[in-house]
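Here's the structure, in structure tokens; my notes come after.
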Amino acid sequence: MIRGILSGKGGVGKTTITVNLGIALHNLGENVVVLDGDLKNPNLSLHLGVFKYNLTLQDVVEKDISHISLLNALYVHETGLRFIPAHLSLNFLDTDASKLKSFLENSPYNVLIDSSPGLGKDSLSVLECCDEVFVVTEPYLPDITDCMKTLEVAKDRDVNVKGIILNKVRGKDYELGKEEIKACTNTNVIANLPFEENVLRSLKLKNPVINYKPLSKVSLGFNQLAADISDKEFVKPRFLPLKRAFSFIQNKSKSAKAN
Amino acid sequence: MKKVEISEDLLRVKDLIGKPKRNLNESTILTNQLKDFGYKIEEIEKKIENRGKFDLKRIKELIFLLSDKELNANEVGRILKISRNRASEYLLKMEKDEILKSRFVGKKKYYFMKHD
Ligand SMILES: Nc1ncnc2c1ncn2[C@@H]1O[C@H](COP(=O)(O)OP(=O)(O)O)[C@@H](O)[C@H]1O
Ligand SMILES: [Mg+2]
């Protein structure tokens, strides 16, 4: 199964979602690999904390040697997440994303692809690879507008659209509501993830938020989404407020000791 | 159930966006060609249960390919540039959904379109 994380607009949280959803699926026992399909601006490795790799996605796709497969560019993160990073260098600007599809047929893993935003060539190539896709958006008019375009194009190409992932939701009255978005796009809103500073802090720490703050609302959102899309039951941790308070105190005393 | 109000702005942009230009994409071109061939493609699509990891465009390509000849998984894989195994998965699936028929020639299994 090849799943894609797409969006109309950039910066809405695709890479964040790919990484954290990937870890959540991995923790559920799914045989998952996340792949950096944003070949012009690959960011996956930045979220995972290691920037340079011997062999990357572009090396494999460009060299096009028959015995070399994407598995040669597969790495394992300390969370256990398997991932295929792309090189940051401008030398790889011309890598042809349309070659990706042939490398992904027959994959022994479930692959989760972090796409580039919009409807450029690279994004369309990623779309071509996918059995099902998720479209990420923030709850504002320009974002939803671009999201609708992506939805239409995906549906037109016979790709199964699993749903919209609403991200960075603050619950303010100036945001568009989940129900309204659903009604207008005729597409299920499959997740409603809050805006959380933990996500930004986790980026600075190079530690995905689901690992850094597993009890935070956004992390539970990732776990819920992972359970939903892999047909597993989501078990919400019990005594959440108590556990959160406890981990807060623990962190406080840790940082006091460090000082 | 309460009817959800959609803001005027959203409805306006939706209208402006419209639909992608049809018949520019390969899948649609294939559909049209198959219709020209006399296939009732909507009925075939309905037959395909639980599409899961099977790509509709690929299925259409296979129908096209097998409409006038018999091929085995190896040959199909080579023509469509996918592995023999993957080709086999598609062929078996389509046989199960009663889109294709097959017959053995020696040890090799050859597939062709079922015409009812
Ligand atoms: N739920 C969230 N709450 C707060 N910040 C977020 C959230 N999701 C993503 N971000 C931040 O938004 C920025 C863009 O996210 P990123 O995943 O890189 O987006 P994209 O891949 O779509 O360009 C990053 O700084 C990221 O930390
Ligand atoms: Mg990104």
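FYI, it's all coordinate maths here, none of it is from the lab. Bear in mind the structure is a predicted one, so any value in this text is a computation, not a measurement. Counting neighbours? That spans all protein chains shown, and the Cβs are built from the backbone with ideal geometry, glycine included.
For labels at B:I79 and A:L141 in the simple 7 Å Cα→Cβ model, what's the distance in nm?
Simple spin-label model gives 5.2 nm for this pair.
Calculate the spin-label point distance for B:I29 paired with A:L93, positioning each point 7 Å from the Cα along the beta-carbon direction, and give it in nanometres.
Rounded to a tenth, the inter-label distance reads 3.0 nm.
Of the listed pairs B:K69/B:K108; A:K217/A:K254; A:K155/B:K19; A:K155/B:K57; A:K9/B:K53; A:K178/B:K53, which have alpha-carbon separations greater than 18 Å here?
Beyond 18 Å: A:K217/A:K254; A:K9/B:K53; A:K178/B:K53.
Along the Cα→Cβ direction, 7 angstrom out, place labels at A:S247 and A:K178. What is the inter-label distance in nm?
2.1
Are there DSSP H segments in chain A that both extend 20 Å or more along their axis (alpha-carbon positions) and score a mean Kyte-Doolittle hydropathy of at least -1.0? List them, or say none.
A:141-156, A:240-258
Mind ranking B:58-71, A:127-140, A:218-231, A:239-252 by how tightly packed they are, going by the mean number of other C-beta atoms within 10 angstrom, highest first?
Highest to lowest by the protection proxy: A:127-140, A:218-231, B:58-71, A:239-252.
Given a Förster radius of 35 Å and the C-beta distance between B:E42 and A:V50 as r, what FRET efficiency does 1/(1 + (r/R0)^6) yield to the nearest 0.05?
Efficiency, rounded to the nearest 0.05: 0.10.
Which of rounded, prolate, oblate describes segment A:51-134, given a ≥ b ≥ c as roots of the alpha-carbon gyration tensor eigenvalues and a/c under 1.5 marking rounded, otherwise prolate only if a/b is larger than b/c?
rounded
For segment A:16-99, state which GluC sites (Glu not before Pro) are in a DSSP loop and have at most 12 other beta carbons lying within 10 Å of their beta carbon.
Counting only loop positions with at most 12 other Cβ atoms within 10 Å, the GluC sites (Glu not before Pro) in segment A:16-99 are A:E78.
Between A:N160 and A:K257, what is the FRET efficiency for a Förster distance of 51 Å, r being their Cβ-Cβ separation, to the nearest 0.05?
According to the calculation, E is roughly 0.50.
On a full-extension model of 0.36 nm per residue, what is the gain between A:N31 and A:L240, subtracting their alpha-carbon distance, rounded to one decimal in nm?
72.4 nm
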